[in-house]
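One structure below.
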Amino acid sequence: MSKFLVYTCCFYQQTYVDIVSHLINSFENSGSRADFLVYTTTEYKYLIQKKCPNANILFFEKSFYKTMNQARIAKMDIFDYPNVDQYDKILYVDADSLFLKPPEEIFNQIVDDNVYAMGEGNLMNEGEYWGRSLFLKESADYKDGEGIASSVLAFKNLQQIKKQFIKIKQSFYLDMYQNKLLFYDQPFLNFHFLHNNMCNKEMLKAFVKSRPTAEEALKAGLTIVHFSGCPGHGDVKLDLIREFKEGLEKSMPKLEIKEEVEKSSTKQDLTRDTVFQIKVQLNELREKIAAIEALLP
């Protein structure tokens with residue numbers, strides 16, 4: 001069993017079974033040795049297993065999460081997973097994401113006791129995406145600053161982080177029951193992590209980006225791409241993922257693609273996911289070769 005755990009959540013809409021299947025396949029194709037956990041309902045578990053029959057993944061089930069709000073805050077439940085203590089470091093990834101590389105380098109960068117999240121936006125943005133009301137409630141003169149996205153979180157398995165996750169859940173549900181939620185879970189993560197000075201906003205910027213083009217993602221050497229926007233609209237997410245994969249096919253070197261296809265005796269049977277796997281692996285090999293050549297005299 002790995003010391004590293006990657007996890008995602010799949011609730012609310014059955015369309016997200018298709019979405020998370022893309023994520024699982026991209027993770028499997030990356031060659032990562034980390035364990036992968038899907039937090040979902042029993043019903044969706046069986047559907048995911050059907051779509052990804054050969055994937056080596058774990059499941060954590062909770063069948064009464066039915067609403068969009070519950071789906072969004074579910075990521076905070078990871079410390080309820082019975083086997084969580086077997087892992088030293090944990091990486092959360094939104095279901096509407098893809099892996100282009102194995103996440104081991106991200107795990108290697110988790111060196112302090114903070115939560116790592118991708119910095120973006122502004123705390124005082126009137127759209128409330130980064131918790132403006134929560135910060136102003138704390139202080140009417142709260143200083144503006146960069147916020148964080150809730151799509152990818154990396155952290156050590158520590159008690160102080162577990163306690164913050166519990167506090168976030170409590171604050172979220174209290175606000176939800178009072179019908180005051182302004183933008184799902186992200187404002188609460190911003191307030192608790194940033195106000196308590198326990199967040200690293202920089203590290204993940206080198207590995208993760210929301211909605212890049214395939215060409216941008218390859219050029220930047222990204223590990224994870226996230227398809228942000230339109231929360232709860234699964235069909236839109238699927239279109240974005242498919243569009244990115246098509247762009248990836250066009251952006252990869254044509255010669256390498258041709259050579260791999262010619263080597264295959266079952267060209268007609270290659271699925272989109274198989275082609276996607278080949279291209280990602282080729283890109284990874286090309287980078288490794290370049291790194292080795294750079295070390296040669």
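Laboratory data are not the source of any read-out in this text; all were calculated from the coordinates shown. Source: prediction; values computed, not measured. Heads up, the Cβs are rebuilt from the backbone with ideal geometry, glycines too, and the neighbour counts pull from every protein chain shown.
Projected label points at Arg211 and Asp113, each 7 Å from Cα along the beta carbon direction, are separated by 3.8 nanometres. In percent, rounded to a whole number, the relative contact order of the chain is 20, using alpha-carbon pairs under 8 Å and six or more apart. From its DSSP helices (H runs of at least four residues, each -39,500 (n - 2.57)), the chain gives a residue-normalised ellipticity at 222 nm of -14000 deg cm²/dmol.
Take the Cα of Ser171, step 7 Å toward its Cβ, do the same at Cys230, and the gap between the two points is 3.1 nm.
Anything over 22 Å Cα to Cα? Flag those among Lys62/Lys101; Lys51/Lys205; Lys163/Lys201; Lys62/Lys137, in the order listed. Violating the 22 Å Cα-Cα cut-off are Lys62/Lys101; Lys51/Lys205; Lys62/Lys137. As a ratio to 2.2 N^0.38 Å, the alpha-carbon radius of gyration computed for region 115-178 takes the value 1.22. Distance from the Cα centroid of region 1-58 to that of region 159-229 is 20 Å (rounded to whole angstrom). Look at (1) 1.17; (2) 1.23; (3) 1.03: the one that is Cα Rg over 2.2 N^0.38 Å derived from this structure is (3).
Between Lys250 and Asp144, the modelled labels are 3.7 nm apart [label points 7 Å from Cα along Cα→Cβ].
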